[in-house]
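Colleague: Sharing a structure with you now.
The values are calculated or read from the model by the stated rules, or taken from the named source; none is laboratory data. The model shown is predicted, which means the values in this text are computed figures rather than measured ones. Note that each Cβ is placed from the backbone with ideal geometry, even for glycine, and that neighbours are counted across all protein chains shown.
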Amino acid sequence: MKNALLLVAVLGMYALHQDFWFWRTAEPLLFGIFPAGLWYHAAYTLAAALLMWLLTKAAWPAHLEKEAQPPR
């Protein structure tokens with residue numbers, strides 16, 4: 001169930017990356033200077049970083065964290 005929710009989150013982020021709704025307009029401006037597409041991608045980048053942190057906390061394989069034993 002946890003992996004299915006993470007997959008839905010990744011697919012949702014992929015769908016949100018295709019921001020076709022801001023292609024033809026610069027409005028609304030954030031703080032009067034930042035166009036909509038710029039602040040949308042800034043917010044998207046923060047959400048993607050949060051999702052990557054969540055993926056590493058929830059889905060990282062534990063066996064990769066074990067110390068490798070040197071060959072004898």
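Colleague: Which residues, taken from the stretch 6-39, are of a type in the set (A, V, I, L, M), surrounded by 11 or more Cβ atoms within 10 Å (Cβ to Cβ) and part of a helix (DSSP H, G or I)?
Modeller: Answer for the stretch 6-39, where residues must be of a type in the set (A, V, I, L, M), surrounded by 11 or more Cβ atoms within 10 Å (Cβ to Cβ) and part of a helix (DSSP H, G or I): LEU6, LEU7, ALA9, VAL10, MET13, LEU16, ALA36, LEU38.
Colleague: Could you tell me which numbered condition GLY37 fails, if it satisfies all but one of (1) touching an Asp or Glu at 6+ places or on another chain (Cβ under 9 Å); (2) modelled with pLDDT under 80?
Modeller: Against the list (1) touching an Asp or Glu at 6+ places or on another chain (Cβ under 9 Å); (2) modelled with pLDDT under 80, GLY37 comes up short only on (2).
Colleague: Sticking with this structure for a sec: Looking only at residues that are part of a helix (DSSP H, G or I) and over 15 Å from the mean Cα position of the chain (by Cα) in the stretch 40-64, which one is modelled with the highest pLDDT?
Modeller: Checking each candidate, the answer is HIS63.
Colleague: What are the pairs with Cβ atoms under 9 angstrom where one residue, in the stretch 56-72, is closer than 30 Å to LEU5 by Cβ and the other, located anywhere, is charged (D, E, K, R)? Sequence gap at least six, or different chains.
Modeller: ALA58/LYS2; ALA59/LYS2
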